[in-house]
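The values are calculated or read from the model by the stated rules, or taken from the named source; none is laboratory data. Here the structure is a predicted model, which is why all the values come from computation and not from measurement. Here the Cβ positions follow ideal geometry from the backbone for every residue, glycine too, while neighbour counts run over all protein chains shown.
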Amino acid sequence: MQVRVKAMGILRQRLGKSDQVVELPEGGTLEQLLQQLQLPQGMIQVIMVNGERESDLHRRLQQNDEVTLLAPVAGGNGIATGPALTLKELQAIIRSLYGTKDAERGLQGCFLWFLEEVGELAAAIRLGQRKEIAVELADVLAWLATLANVAGVDLAEVFTRKYGPHCPGCGQRPCACPPQAKP
Ligand SMILES: [Zn+2]
């Protein structure tokens, strides 16, 4: 059977390509796939099968499954710099890092942290600190992903539904709403 493998960050460099089809024996597992790709498990932080995080290496794969491999962030050369990171992957990364804690904090608790990061972003912008602005933007995005996770929302889906085709206000692209309107 054939499975599609997508590799991000340093894994892409290691495999020499970001996207490939791998031939596996019928009923082959994730572990076998990694062995076949000669990737040590330590090089991989997050594995996703068909867009859902999978931590069980004994998971049996099926024909046409899509496996995404994300490298650890350590060293500053991993998933955080991957230009092709999707919102689904972003939410999966945050879930793998903080899912349990976030569930305990709940939506309201997480929202307060989100606001705190927005406040720090505001300060960085006010002071014109370019490096801090970048870091705070990452924090705001991380907490936004948290809120979506806790609320059970797929950001990519709602975003494309609302903003994908055209401006939700005037129905045009680019937006032709009057300047005083919100968008
Ligand atoms: Zn508009």
* Asked: Which one of these does Thr81 not meet: (1) modelled with pLDDT under 85; (2) more than 25 Å from Glu157 (Cα to Cα); (3) surrounded by fewer than 16 Cβ atoms within 10 Å (Cβ to Cβ)?
  -> (2)
* Scan segment 103-110 and give yes if some residue there is free of Cβ contacts under 8 Å to residues at least 24 places away in the same chain, more than 16 Å from the ligand (Cβ to nearest atom), among the acidic types (Asp, Glu) and not assigned by TED's automatic domain parsing to the domain that holds Glu52, otherwise no. => yes
* Structure fact -> Of the residues in segment 9-47 that are under 20 Å from the mean Cα position of the chain (by Cα) and part of a loop (DSSP other than H, G, I, E, B), the one that is modelled with the lowest pLDDT is Gly9
* Output for segment 138-183, where each listed residue is surrounded by 16 or more Cβ atoms within 10 Å (Cβ to Cβ) and either within 12 Å of the ligand (Cβ to nearest atom) or in contact (Cβ under 8 Å) with a residue 60 or more places away in the chain (or both) -> Leu155, Ala156, Cys167
